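Single-structure report; data block below.
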């Protein structure tokens, strides 16, 4: 059984993962569609920037988030003046999780949209649909499985985020201590190995469940196509 602190870490991880995924999903769908359909010369540059969170150490990502969105950062100080504090709150954990999970989401959505024949969109356009209507009524339903899989993949990545979170959000019990941070704290505490083991196994189960569900949805949509 989990104790109160472990339940709090689990609940916070779920909250952070859901918020990070829902906030980034609309942008991820739009960007994934654009990357799948555009012939712009800027596409390689956009894909390079998008991949940076995957290749940079998460600690570096967290540091730059703190520089930009922290209380002394240009954007962070402006947000603070508006009454919105980000750094060292659960919202910072959600931002860090969204940044780290976003590339995985976009790439999965991009592949899903590329699998939809562009001629179907063109046919809808010839029947009077606008570009947005063609996307919403044709491409979006056909790419639904890949979009859902991308969202679940981003959620799984969000739940497992550690490096950027500890730099940008800190390790505050009940406020920013997510599952990975609770595991780290358990390993640093005398007699905390059991806590680390329980939460580690729980993290594995959550990741397997999210990835398995995403793969099942993708296969179901593919077989039904």
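Quick note: the coordinates plus some simple rules give every number you see, no bench work behind them. Everything quoted here is computed from the prediction, not taken from an experiment. Every residue, glycine as well, gets a Cβ built from its backbone with ideal geometry; the counts of neighbours run over all protein chains shown.
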Relative to the chain, whose Cα atoms define the longest principal axis, helix 43-55 and its Cα axis are tilted in degrees, nearest 10, by 20
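In units of 2.2 N^0.38 Å, what is the alpha-carbon radius of gyration of the stretch 37-108? Intermediate results must be reported in sequence, preceding the final value.
Values: Rg = 14.3 Å, N = 72, 2.2 N^0.38 = 11.2 Å.
Output field value: 1.28.
How much mean residue ellipticity at 222 nm does the chain get from its helices, if each DSSP H run of length 4 or more adds -39500 (n - 2.57) and you divide by all residues, to the nearest 500 deg cm²/dmol? Don't jump to the answer; show the numbers that get you there.
On the way: 11 runs with 169 residues, N = 225.
Value at 222 nm, helices only: -24500 deg cm²/dmol.
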For the stretch 68-122, shape from the Cα gyration tensor axes a ≥ b ≥ c, cut at a/c of 1.5 then a/b versus b/c, turns out prolate
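Would you mind ranking 221, 117 by Cβ crowding within 10 Å, fewest neighbours first? Intermediate values should be presented prior to the final figure.
Values: 221 19, 117 12.
Neighbour counts put them in this order, fewest first: 117, 221.
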The alpha-carbon center of the stretch 1-31 and that of the stretch 141-185 are separated, in whole Å, by 6
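Which value, to two decimals, describes the C-alpha radius of gyration of the stretch 59-207 once divided by 2.2 N^0.38 Å? Walk me through the intermediate numbers first.
On the way: Rg = 20.3 Å, N = 149, 2.2 N^0.38 = 14.7 Å.
Here the Cα radius of gyration is 1.38 times the empirical estimate.
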The percentage of Cα-Cα pairs in the stretch 1-133 separated by more than 25 Å is 43
With Cα springs under 10 Å, the Gaussian network model of the chain assigns the largest mean-square fluctuation among 35, 179, 84 to 84
The simple spin-label model distance between residue 45 and residue 137, using points 7 Å out along Cα→Cβ, in nm, is 3.6
In Å, the C-alpha Rg and Dmax of the stretch 161-220 are 14.2, 47
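Using only alpha-carbon positions, what ratio does the radius of gyration of the stretch 1-62 give when scaled by 2.2 N^0.38 Å? Spell out each step's value before the answer.
On the way: Rg = 17.0 Å, N = 62, 2.2 N^0.38 = 10.6 Å.
The stretch 1-62 yields a ratio of 1.61.
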Candidates 99, 49, 67; GNM for the chain (alpha-carbon contacts under 10 Å) flags as most fluctuating 49
Taking Rh as the Kirkwood radius computed over alpha-carbon pairs of the stretch 90-136 and applying Stokes-Einstein at 25 °C with viscosity 0.890 mPa s, one gets a diffusion coefficient in µm² s⁻¹ of 191
GNM of the chain, Cα pairs under 10 angstrom: of 130, 61, 108, the biggest fluctuation goes to 130
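If I stretch the segment between residue 18 and residue 205 completely, what's the gain in nm (0.36 nm per residue apart, minus their alpha carbon distance), one decimal?
On the way: separation 187, 0.36 × 187 = 67.32 nm, distance 1.69 nm.
Difference between extended and current length: 65.6 nm.
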